[in-house]
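Below is one structure, written out as structure tokens, with a few remarks after it.
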């Protein structure tokens, strides 16, 4: 994948002294062992470590799985792996957020325990209390415990309240109707059930993805409603009060069977939803889509609805968080178009609190023609950067099995000071006939920027092009230098980072980044 070099700039409060003590790594971890597969589903950042919540199997020939917590130091070196397993049953992870920090000490882990029978499978909800070393203190199971089983449940996410209580989002199924439902379970700090609620209506199925607490002490859940009669699916939000009573539900009008939606609360007490809106369906397994953020108030009224970048094949959002400073960070994957390699790349996207794009970057670890790189979760790191996790699956030229992938980037998503993909296919730099320098000031700016060039180049041989972080050209024209300066009005441009490049004799000879406030 072609890259741009990063020139350090001063970007308000996003850059501090910690900018210069950033750690970076892009690593693959074989957690499961030879010929077995694993995936990193969620990540937690602590002051001195990163905890990656993984699911692995025991060999390539068995469906029995276990939960693994991989503990890395801040340099990305694997310190230890804690396994949670059953000699006969399968332990399964939920979605990003299935392991969280406790408000006191230690961690909570929510997942599923699966029994395999000759005619069906049976899932139970699994809750673990872990100490600060990620060792199990106790484990509890939820759901039908005595045959014949009428229902099954599998936990997806867990949240904790300020008073130490827990709220768990799960998927429940009734064996009589076979339909899936949203399941919300409220527990005390010992795992005792306080209340439970089910959401959905047969014959449709409701598949939960994400849970968030709301500013009015309620909850909002996101997921997918699958209509059996019309063979279609839509993103659905369900809002409840503090005891799980449904207040409203809303479809976002996105009809596609693979639609995923993530939800969180914003710093101003509203609701933010991240999904991928479908432009067109190419076939049963392929669609064109783009990233879509939607902000709503607690009554379900849309405040704004923003779509980003161009359409890509099978764009999926796999996690999203509203950060304490108001920024919104999400991660996911998309397929590339032949002959580009690899087949699937991961991405990270960051906006400000108003949904204005700040930066978007794509990443890979494996580069084989059919290799896949998925990023499932992301979390702020102690050095003001980000830590993301997922998995890589090798094919054609790449070797090994499906392994956990962990990526550490800085505060603007760069993999290192010299490696900062920005969506622009740049040709290798050539050496012009005289030394050539490009500077931009003031940086950042909210109205105008000035480009300063070294002398010695003929004006008619130079072009200036500016791109946003989606790779879209926002400005392109010849540069006529009578004084060595070129003025550019950016007052009407959206806030965010931009990349300017100079073309000399049909070759790229210089790049520089600047920020529009």
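Please tell me if residue 152 is more than 27 Å from the chain's Cα centre (by Cα), more than 19 Å from residue 67 (Cα to Cα) and part of a strand (DSSP E or B).
Yes.
Listed conditions (1) modelled with pLDDT under 75; (2) in contact with a strand residue (DSSP E or B) (Cβ under 9 Å, 6 or more places away or on another chain); (3) within 27 Å of residue 349 (Cβ to Cβ) are all met by residue 425, apart from (2). If the requirement is being under 12 Å from the mean Cα position of the chain (by Cα) and under 26 Å from residue 67 (Cα atoms), which of these qualifies: 330, 371? The match here is 330. Yes or no: region 69-80 includes at least one residue that is surrounded by fewer than 22 Cβ atoms within 10 Å (Cβ to Cβ), assigned to a loop (DSSP other than H, G, I, E, B) and at pLDDT below 95. The answer is no; no qualifying residue exists. Here residue 235 passes the criteria (1) at pLDDT 95 or above; (2) under 19 Å from residue 321 (Cα atoms); (3) in a strand (DSSP E or B) except the one numbered (1).
Which residues, counting only those in region 178-196, are farther than 12 Å from residue 167 by Cβ and assigned to a strand (DSSP E or B)? Result: 180, 181, 182.
Residues that are modelled with pLDDT of 95 or more, within 23 Å of the chain's Cα centre (by Cα) and surrounded by fewer than 22 Cβ atoms within 10 Å (Cβ to Cβ) within region 177-214 comprise 213, 214, listed in sequence order.
Going by what's in this entry, would residue 97 be described as within 26 Å of the chain's Cα centre (by Cα), part of a strand (DSSP E or B) and at pLDDT below 95? Spell out the reasoning first.
Numbers: within 26 Å of the chain's Cα centre (by Cα): yes; part of a strand (DSSP E or B): no; at pLDDT below 95: yes.
Judged against the criteria, residue 97 is not a match.
Evaluation of residue 471 against the conditions (1) at pLDDT 80 or above; (2) under 30 Å from residue 364 (Cα atoms); (3) assigned to a loop (DSSP other than H, G, I, E, B) shows that the sole unmet condition is (1). Contact annotation: no residue pair with Cβ atoms under 6 Å, 6 or more positions apart or on different chains, pairs a residue in region 408-420 that is in contact (Cβ under 8 Å) with a residue 24 or more places away in the chain and at positive phi with a partner that is surrounded by fewer than 19 Cβ atoms within 10 Å (Cβ to Cβ) and not in a loop (DSSP other than H, G, I, E, B). One residue stands out among those in region 250-270 that are part of a strand (DSSP E or B) and modelled with pLDDT of 95 or more: the one that is surrounded by the fewest Cβ atoms within 10 Å (Cβ to Cβ), which is 265.
The values are calculated or read from the model by the stated rules, or taken from the named source; none is laboratory data. Remember, it's a predicted structure, so these values are computed and weren't measured experimentally. Neighbour counts are summed over all protein chains in view; Cβ atoms, including those assigned to glycine, are modelled from backbone coordinates with ideal geometry.
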